[in-house]
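Here the structure comes first, spelled out in structure tokens, and everything after it is commentary.
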Amino acid sequence: MKHLHLIVIMLSGLLFLTISCKDTMTYADYLDREADAIDLFIESNNLTILKDFPSGKAFKENEFYKDPATGVYFHVISYGDTTQKLQWNEEVYVRFSGLHYFNTEDTTRYSNLNGSPEEIKFIGAVTSSTKSNYATPGWVVPLSYVGHTGKVKLIVPFNMESSYDQSQYEPTYYDYEPTYYDMVQYRFENQY
């Protein structure tokens, strides 16, 4: 009789583990869900995604270029002053508005226009945050196209978001949260 109880308990445990494993999402599942969320955002906002950067540099109203290396989408609103290139190790001050996490129920639009700008140090394709852990690697992607006071719109996948946003991720509560910025403006330190 003891063996029968033990077998029933073991089978129940095995059944429980099998059922619970089906509910667990893998990293690939989260990436698929993120891609679906970005696709839905693009479709809902009637955006056109360009595979090649516009040759005349002019973006039409709803056109976004998708950077193939990073997966960051951007639309240049204004190129700013492109006569001087961004220097190695130069501070870049970033202001943004309309930050929206679009894979959640959070409808808040975040901005730093009334506060201090984020500061990043340009060191090529990679940047380092100088004063905050909020610096977003996705902000760097348009820097090779725009100059001082340049403005862009961005769609940033989770892996190109700030270390702060990534550290807040909890698989039991959040999904991978891509973000959208209505406006990101860059100011180069040596232009002041």
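The values are calculated or read from the model by the stated rules, or taken from the named source; none is laboratory data. Nothing here was measured: the structure is a model prediction, and the numbers come from that model. Reconstructed Cβ throughout: ideal geometry from the backbone, glycine too, with neighbour counts over all protein chains shown.
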Please work out which residue is surrounded by the most Cβ atoms within 10 Å (Cβ to Cβ), limiting yourself to the stretch 58-74 and to residues that are out of contact with any Leu (no Cβ under 8 Å at 6 or more places or on another chain) and touching a residue at least 40 places away in the same chain (Cβ under 8 Å).
-> 71
For the stretch 50-92, enumerate the residues that are within 22 Å of residue 117 (Cα to Cα), of a type in the set (Phe, Trp, Tyr) and part of a loop (DSSP other than H, G, I, E, B).
-> 79, 88
If you go through the stretch 38-49 one residue at a time, do you hit one that is touching a strand residue (DSSP E or B) at 6+ places or on another chain (Cβ under 7 Å), surrounded by fewer than 17 Cβ atoms within 10 Å (Cβ to Cβ), assigned to a strand (DSSP E or B) and at pLDDT below 90?
-> no
Can you name every residue in the stretch 95-110 that is without any contact (Cβ under 8 Å) to a residue 24 or more places away in the chain and surrounded by 13 or more Cβ atoms within 10 Å (Cβ to Cβ)?
-> 110
